[in-house]
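Chemist: Dropping the structure in here first, questions after.
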Amino acid sequence: MKQLALFSCLVFLHLCGYAQTPFTIWNFNNLTALPSTGSGTLTNIGGTTFTYASGAVSGGSSDTAVVNNAYNTTGYAPQNTAPKTAGVQVAVSTVGFQNIQFRFDQRLSNTACNTYVVQYTTDITAPVPVWIDAQVFTFTPAPSGTGDVWYNLRNTDLSAITALDDNPNVGFRIVSDYDPIAGTYLAARSTSSYSPSGTSRFDMITVSGESLIPPVPFQLQFIGNDKTVNEQTGTTNVYAIIDVAGNAAASIDVNVSSFSNASSGSDYTIGNVTLSIPANAQAGDTLTLPITIMDDLNMESDEYIILKFSNAVNANYQANDQYVVYIKDNDKILPVASNKLALTLVNSFSNGLAGTNSAEIVAYDSMSQRLYIANSIGAKLNIVSFENPANPVMLYSINISAYGNINSVAVKNGLVALAIENTSPQQNGYVVFLDSNGNFLHQVNAGAMPDMITFNHAGTKVYTANEGEPNTAYTVDPEGTITVVDLSLGVLNATSSQINFNALDGQEVALRAQGIRIFGPGASVSQDMEPEYITIADDDSKAWVSLQENNAMAEINLNTNTITAVYPLGFKNYNQAENSFDASNTTLGINLAQYPVKGMYLPDAIAQFTTGGNTYIFSANEGDAREYAGFSEIKRVNAANYLLDNTIFPQATEIKNNSLLGRLNITKHLRGYRQ
């Protein structure tokens, strides 16, 4: 809460001097006359009284805390009576310190007097302490600017008074006095008259000195990284632990980062945000920060409070040490299941040992009542009888390696179509046709890396989405295409043709401006487009193709076999309540919270549905990324070599915190390629 200047320690030959250390501070933010740092007593003298008031008004004191309170005094001496008797007095021990300095902030109301004197005594325990004037603070009252304003950092250097060094009984006073020229009390503003009821407001009363013993700072850190509490918890505690003991009283503030989205006062309250550490504290001792969680009635996302250390006095901490408190909402109404759809597990089927077999794509043929499984790891097509779903039976296991690598399978009316990748994946692949028993019928050419295959509804065409992925070094990058296989003359006379994106080559800048990602190193539009999945309109006149890495979708006229449009899919805003998500896999709880993050859709499988004259495309948004040895777009937010511009991201340490957004992968190439 207090922003204190920390000076480097200087060692001079023949002299043992050290930096000024504030060892006793009154900041009044906890509405107490006890010091916020160190020890000492503060009292009113000369008949004055006090209340606590804001330290932020009239320009504010030097206290930078969010909650800034001050010590407001009134009840000063009547005009022409008792100068240098009314004000405030502090008693402190300077043991262990030399070259003492006394500092304070002061705000004067318009009718308060304009002149105050700082006095000191070397023995405040004496029956009648001897008070010595040290410094006079005064000014010439003016019609404006000299009343209702703060006079900050009023400093008195007492380093020449050696009797104040290493002394357990030092006292200081700040007392009102006559104006040195007028010889009477003058009001702080010339248009006002002096009144004993005028107020003098104090803040940041500080006693500092140079340590006679080199100070050893405490080393401390939060215990743990995060916690999740329910909204109705009441009070929860956050703890810090002392790793290394120091040798002088210390304090440290715990601040709430502005990156937090929980609101102070309505979602939580924190009382004392200054943690005091006594000089005799030991390594392993803990400090407790209680937080009161407010149980509101709002249906909202889970919220978070991010705690950070600051303004350490005689203490050290890691600059990026943070603690996150997640607050789980308890007001959401969970949907009640309608049970309109009921699924019952009938059986499961294994096509072989895991690790040497796979079953990524399964196609069902109602004519033969068989399942056709693309077993890419085993380089097989598994044919399974599904006449009795409670007891699937393996009929055939066809070795596909003679054709290439199997990626996908589709079947219609007993005709099986396989998407076959070339053994040299960047070369063109094939569509291989088999009968229902797995016997070879015909083969036609496809584009590079055919990944998904489908029949049209009439069964007269077969289409493949040819990804055209680059090699791992990203030195060979084939074009992405869609293969069209014409079955109108029968499967034995099937022919194929390719739909490409060549017409868009040269339009990279315009496409990026629309939000379509073209970012492979040196890639044309045709090379960068990677068709992933195809869905076909009910009347077989159109098809839509997901372009996963491009975060886009293409529309194709199947009558002319031409690409008629490419649509950017945009971004999902995770800072909206309906899009809350759990951003970290390291937190102790599951926290569906809002963050200033946008995500791309990057769809894999898609399907179309027409109702009411409107066609809808449903997409399974896998969120894949390009990650090759020769080129990778992803970067972990918390990566040490991923630097955030502090001007744009002033809360960079919070963003990189693993308990917040540090575990997310982001793209380095949002739309275009860059080195």
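Chemist: Which residue, of Gly147, Gly171, is in a strand (DSSP E or B) and either modelled with pLDDT under 95 or of a type outside the set (Phe, Trp, Tyr) (or both)?
Modeler: Being in a strand (DSSP E or B) and either modelled with pLDDT under 95 or of a type outside the set (Phe, Trp, Tyr) (or both) holds for just one of Gly147, Gly171, which is Gly171.
Chemist: Determine which single condition Ser58 fails, assuming it passes every other condition in (1) part of a strand (DSSP E or B); (2) touching a residue at least 60 places away in the same chain (Cβ under 8 Å).
Modeler: Every listed condition holds for Ser58 apart from (1).
Chemist: Within the group Glu467, Glu421, Glu479, which residue is within 24 Å of Gly520 (Cβ to Cβ) and touching a helix residue (DSSP H, G or I) at 6+ places or on another chain (Cβ under 6 Å)?
Modeler: Glu479
Chemist: Where in region 252-325 are the strands (runs of 3 or more DSSP E), entirely inside, with at least 2 residues that are over 28 Å from Tyr595 (Cβ atoms) and of a type outside the set (Ser, Thr, Tyr)?
Modeler: Working: elements: 268-270, 274-277, 286-293, 303-313.
Per the criteria, 274-277, 303-313.
Chemist: Next question, about the same structure. Could you check region 162-181 and list, in sequence order, the residues that are over 50 Å from the mean Cα position of the chain (by Cα) and either of a type in the set (Ser, Thr, Tyr) or more than 29 Å from Thr73 (Cα to Cα) (or both)?
Modeler: Answer for region 162-181, where residues must be over 50 Å from the mean Cα position of the chain (by Cα) and either of a type in the set (Ser, Thr, Tyr) or more than 29 Å from Thr73 (Cα to Cα) (or both): Thr162, Ala163, Ser176, Tyr178.
Chemist: Counting only residues that are of a type in the set (Gly, Ala, Ser), modelled with pLDDT of 95 or more, in a loop (DSSP other than H, G, I, E, B) and within 52 Å of the chain's Cα centre (by Cα), how many does region 87-137 have?
Modeler: Within region 87-137, residues that are of a type in the set (Gly, Ala, Ser), modelled with pLDDT of 95 or more, in a loop (DSSP other than H, G, I, E, B) and within 52 Å of the chain's Cα centre (by Cα) number 3.
Chemist: May I ask you to list the residues in region 309-361 that are among the hydrophobic types (A, V, I, L, M, F, W, C) and closer than 24 Å to Ala249 by Cα?
Modeler: Phe309, Ala312, Val313, Ala315, Ala319
Chemist: Now for a different question. Quick one: which strands (runs of 3 or more DSSP E) lie wholly within region 411-466 and hold at least 3 residues that are open to solvent by less than 10 Å² (accessible area, probe 1.4 Å)?
Modeler: 415-421, 428-434, 440-448, 461-466
Chemist: Could you list all residues from region 223-247 that are within 28 Å of Glu300 (Cα to Cα) and either touching a Phe, Trp or Tyr at 6+ places or on another chain (Cβ under 6 Å) or assigned to a strand (DSSP E or B) (or both)?
Modeler: Of the residues in region 223-247, the ones within 28 Å of Glu300 (Cα to Cα) are 224-239.
Scanning region 223-247 gives Asp226, Lys227, Thr228, Val229, Asn230, Thr235, Thr236, Asn237, Val238, Tyr239.
Chemist: Restricting the search to region 498-512, which residues are touching a strand residue (DSSP E or B) at 6+ places or on another chain (Cβ under 8 Å) and surrounded by 14 or more Cβ atoms within 10 Å (Cβ to Cβ)? Quick ask: steps written out before the conclusion?
Modeler: Here is the first cut: in region 498-512, the ones touching a strand residue (DSSP E or B) at 6+ places or on another chain (Cβ under 8 Å) are 498-501, 503-504, 511.
Passing the criteria: Gln498, Ile499, Asn500, Phe501, Leu504, Leu511.
Chemist: Now, a different point. Checking Thr138 against (1) surrounded by 18 or more Cβ atoms within 10 Å (Cβ to Cβ); (2) more than 13 Å from Phe104 (Cβ to Cβ), which single condition isn't satisfied?
Modeler: Every condition holds for Thr138 apart from (1).
Chemist: Just to be sure before I move on: is Ser195 among the small types (Gly, Ala, Ser), modelled with pLDDT of 95 or more, closer than 30 Å to Gln106 by Cβ and open to solvent by 50 Å² or more (accessible area, probe 1.4 Å) in the structure I sent?
Modeler: On the way: among the small types (Gly, Ala, Ser): yes; modelled with pLDDT of 95 or more: yes; closer than 30 Å to Gln106 by Cβ: yes; open to solvent by 50 Å² or more (accessible area, probe 1.4 Å): no.
In short, no.
Chemist: Something else now. Is one or more of the residues making up region 224-242 of a type outside the set (S, T, N, Q), open to solvent by less than 40 Å² (accessible area, probe 1.4 Å) and without any contact (Cβ under 8 Å) to a residue 24 or more places away in the chain?
Modeler: Within region 224-242, not a single residue is of a type outside the set (S, T, N, Q), open to solvent by less than 40 Å² (accessible area, probe 1.4 Å) and without any contact (Cβ under 8 Å) to a residue 24 or more places away in the chain.
Chemist: If you don't mind, there's one more thing I want to ask. Of all residues in region 337-383, which are under 14 Å from Asn399 (Cβ atoms), part of a loop (DSSP other than H, G, I, E, B) and out of contact with any Asp or Glu (no Cβ under 7 Å at 6 or more places or on another chain)? Full working, then the answer.
Modeler: Step one: list which residues in region 337-383 are under 14 Å from Asn399 (Cβ atoms), which gives 351-352, 356-357, 373-383.
Subsequent filtering for residues that are part of a loop (DSSP other than H, G, I, E, B) retains 351-352, 356, 376-379.
If the condition is that a residue be under 14 Å from Asn399 (Cβ atoms), part of a loop (DSSP other than H, G, I, E, B) and out of contact with any Asp or Glu (no Cβ under 7 Å at 6 or more places or on another chain), then Asn351, Gly352, Thr356, Ile377, Gly378, Ala379 are the ones that fit.
The rows are residues; the columns are (1) over 34 Å from the mean Cα position of the chain (by Cα); (2) in contact (Cβ under 8 Å) with a residue 24 or more places away in the chain; (3) assigned to a loop (DSSP other than H, G, I, E, B).
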site	(1), (2), (3)
Ile534	yes, yes, no
Asp540	yes, yes, yes
Trp544	yes, yes, no
Glu549	no, yes, yes
Ala554	yes, yes, no
Ile563	yes, yes, no
Asn575	no, no, yes
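Chemist: Step by step: first the residues of region 58-86, then only those that are within 38 Å of the chain's Cα centre (by Cα) and either modelled with pLDDT under 95 or of a type in the set (Phe, Trp, Tyr) (or both), then the one that is surrounded by the fewest Cβ atoms within 10 Å (Cβ to Cβ). Which residue is that? I'd like the intermediate steps shown before the answer.
Modeler: Going through region 58-86, the residues within 38 Å of the chain's Cα centre (by Cα) turn out to be 58-71.
If we keep only those that are either modelled with pLDDT under 95 or of a type in the set (Phe, Trp, Tyr) (or both) too, we end up with 58-59, 64-67, 71.
Numbers: Ser58: 15, Gly59: 10, Thr64: 15, Ala65: 21, Val66: 13, Val67: 16, Tyr71: 23.
So the residue we want is Gly59.
Chemist: Go through (1) over 24 Å from Gly630 (Cα atoms); (2) of a type in the set (Gly, Ala, Ser); (3) outside any loop (DSSP other than H, G, I, E, B) for Ala583 and report which single condition fails.
Modeler: Only one criterion in (1) over 24 Å from Gly630 (Cα atoms); (2) of a type in the set (Gly, Ala, Ser); (3) outside any loop (DSSP other than H, G, I, E, B) is unmet by Ala583, namely (3).
Chemist: When region 28-57 is examined, which residues are found to be open to solvent by less than 50 Å² (accessible area, probe 1.4 Å), over 14 Å from Ser200 (Cα atoms) and over 40 Å from the mean Cα position of the chain (by Cα)?
Modeler: Those that are open to solvent by less than 50 Å² (accessible area, probe 1.4 Å), over 14 Å from Ser200 (Cα atoms) and over 40 Å from the mean Cα position of the chain (by Cα): Gly40, Leu42.
Chemist: Still on this model: Are any residues in region 582-596 under 17 Å from Asn230 (Cα atoms), open to solvent by less than 80 Å² (accessible area, probe 1.4 Å) and aliphatic (A, V, I, L, M), and if so, which ones?
Modeler: Passing the criteria: Leu592, Ala593.
Chemist: For region 265-282, enumerate the residues that are in contact (Cβ under 8 Å) with a residue 60 or more places away in the chain and not charged (D, E, K, R).
Modeler: Passing the criteria: Gly271, Asn272, Val273, Thr274, Ser276, Ala281.
Chemist: Residues in region 513-559 that are closer than 18 Å to Val485 by Cβ, open to solvent by 30 Å² or more (accessible area, probe 1.4 Å) and in contact with an Asp or Glu (Cβ under 8 Å, 6 or more places away or on another chain): how many?
Modeler: Going through region 513-559 one residue at a time, the tally reaches 2.
Chemist: Considering Ser264, Ser251, Ser211, Ser276, which residue is of a type outside the set (Phe, Trp, Tyr), within 30 Å of Leu158 (Cα to Cα) and surrounded by fewer than 20 Cβ atoms within 10 Å (Cβ to Cβ)?
Modeler: None of the others qualify; the one that does is Ser276.
Chemist: Can you confirm whether Ser488 is in a helix (DSSP H, G or I) and of a type in the set (Ser, Thr, Tyr)?
Modeler: Judged against the criteria, Ser488 is not a match.
Chemist: Report every pair of residues separated by at least 6 positions or lying on different chains whose Cβ atoms are under 6 Å apart, first residue within region 582-600 and within 21 Å of Ala652 (Cβ to Cβ), second among the small types (Gly, Ala, Ser).
Modeler: That search, which allows pairs on different chains as well, returns Ser584/Ser659; Thr587/Ser659; Ala593/Ser301; Ala593/Ser580; Gln594/Ser301; Gln594/Ser580; Tyr595/Ala583.
Chemist: Report yes if some residue within region 395-405 is in a loop (DSSP other than H, G, I, E, B), more than 23 Å from Asn500 (Cα to Cα) and of a type in the set (Phe, Trp, Tyr); otherwise report no.
Modeler: yes
Chemist: Still on this structure, please answer the following. Hey, among Leu489, Leu418, which residue is farther than 18 Å from Ser358 by Cβ, modelled with pLDDT of 95 or more and hydrophobic (A, V, I, L, M, F, W, C)?
Modeler: Testing whether each residue is farther than 18 Å from Ser358 by Cβ, modelled with pLDDT of 95 or more and hydrophobic (A, V, I, L, M, F, W, C) leaves just Leu489.
The values are calculated or read from the model by the stated rules, or taken from the named source; none is laboratory data. In this text, all values refer to a predicted model and were calculated from it rather than measured experimentally. So basically every Cβ, Gly included, is an ideal-geometry build from the backbone, and we count neighbours across all protein chains shown. Accessible surface areas use protein heavy atoms only, side chains included; no ligands, DNA or RNA. Shrake-Rupley method; radii C 1.70, N 1.55, O 1.52, S 1.80 Å.
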